[in-house]
1. Just for strands (runs of 3 or more DSSP E) wholly inside segment 1-90: which have at least 3 residues that are touching a Ser or Thr at 6+ places or on another chain (Cβ under 8 Å) and under 20 Å from GLY175 (Cβ atoms)?
2. Can you confirm whether segment 259-275 contains a residue that is among the hydrophobic types (A, V, I, L, M, F, W, C) and on the phi > 0 side of the Ramachandran plot?
3. If the requirement is being closer than 25 Å to HIS248 by Cβ and more than 12 Å from the chain's Cα centre (by Cα), which of these qualifies: ARG132, ARG155?
4. Looking at segment 243-260, which of the residues that are surrounded by 18 or more Cβ atoms within 10 Å (Cβ to Cβ) and more than 15 Å from PHE184 (Cα to Cα) is farthest from the chain's Cα centre (by Cα)?
5. Quick one: is SER83 surrounded by 15 or more Cβ atoms within 10 Å (Cβ to Cβ), closer than 21 Å to LEU237 by Cα and in the same structural domain as ILE46 (by TED's automatic domain parsing)?
6. With respect to THR124, is the statement that it is of a type in the set (S, T, N, Q) and either within 22 Å of SER78 (Cβ to Cβ) or free of Cβ contacts under 8 Å to residues at least 40 places away in the same chain (or both) true?
7. I need the full set of residues from segment 38-61 which are surrounded by fewer than 17 Cβ atoms within 10 Å (Cβ to Cβ), under 15 Å from ALA23 (Cβ atoms) and among the polar types (S, T, N, Q), in order please.
8. I'd like the full set of residues that are surrounded by 16 or more Cβ atoms within 10 Å (Cβ to Cβ) and of a type in the set (Val, Ile, Thr), limited to segment 261-274.
Amino acid sequence: MDIQTIGIVGAGQMGNGIAHVMALAGYDVLLTDVSADALQAAIDTITGNLDRQVGRGKVAEADRDAALARIKTTQTLSDLGQSDLVIEAATERETVKQAIFEDLIPHLKPTTILTSNTSSISITRLASRTDRPEKFMGFHFMNPVPVMQLVELIRGIATDKETFAACQAVVDKLGKTAASAEDFPAFIVNRILMPMINEAVYTLYEGVGSVKSIDSSLKLGANHPMGPLELADFIGLDTCLAIMNVLHDGLADTKYRPCPLLTKYVEAGWLGRKTQRGFYDYRGEVPVPTR
């Protein structure tokens, strides 16, 4: 299966990162979002990130210009119908993703592969609501997409070998590494990472350590590049909570119970970097712990 054109649904942090790496690898990209402002912000972000790569000598100016020329935008979801591969990168809510696929399916070519960048939701369940469960799978990029080398490829129960091989070939062309994961809640990375973040929040909640001491302990004591609370802010506390709820609901094990403090921060709208406050306050020149 020869994939040349890629449709991406959602122009947020993940969607624009996926568009960036796909265009740089030579694919024609059509990026869609309901918001014209989000689409313009995505192009601005991609341009800025490519300029930084040029400045560091990682990308040639001609390759940057060619990549930007390969990215088109649209607010009309049906325009993605002629894509060879569609990657849904909308918000991490199953109802939203199902609605997108429902609206998109009538416009797709019979050969189009449908994928989701979901970090935790059942691929089999998402696929079952489409007309092509055999051509549906999980295509989970890590954030930030241009930097992170891993892509999780997740088969649903009906995903056929040809679809998996085609997605594997795309990952190879991107110069990234694929990890094959089975379709269980949160897959591999978040099955391990999110409970660690949740436990760090419990450690803060129970007064075992402060924000600063918890993050310093994991950075210096476990050689992590970022502390777990700093990382949670980077990911988005709403996303962390959503994944913990998927784990808790899907595996019915109390060890995955989201920390009440994590829930409280999300209820307050303190979601991390994207809202300027989370476990750190980012409104000044230097991030300051909020607890």
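1. In segment 1-90, 5-9 are the strands (runs of 3 or more DSSP E) which contain 3 or more residues that are touching a Ser or Thr at 6+ places or on another chain (Cβ under 8 Å) and under 20 Å from GLY175 (Cβ atoms).
2. no
3. ARG155
4. CYS259
5. no
6. No, not satisfied.
7. THR47
8. The one that is surrounded by 16 or more Cβ atoms within 10 Å (Cβ to Cβ) and of a type in the set (Val, Ile, Thr): VAL266.
The values are calculated or read from the model by the stated rules, or taken from the named source; none is laboratory data. What you see is a predicted model; the values in this text were computed from it and never measured. Virtual Cβ from ideal backbone geometry, glycine too; neighbours counted across all protein chains shown.
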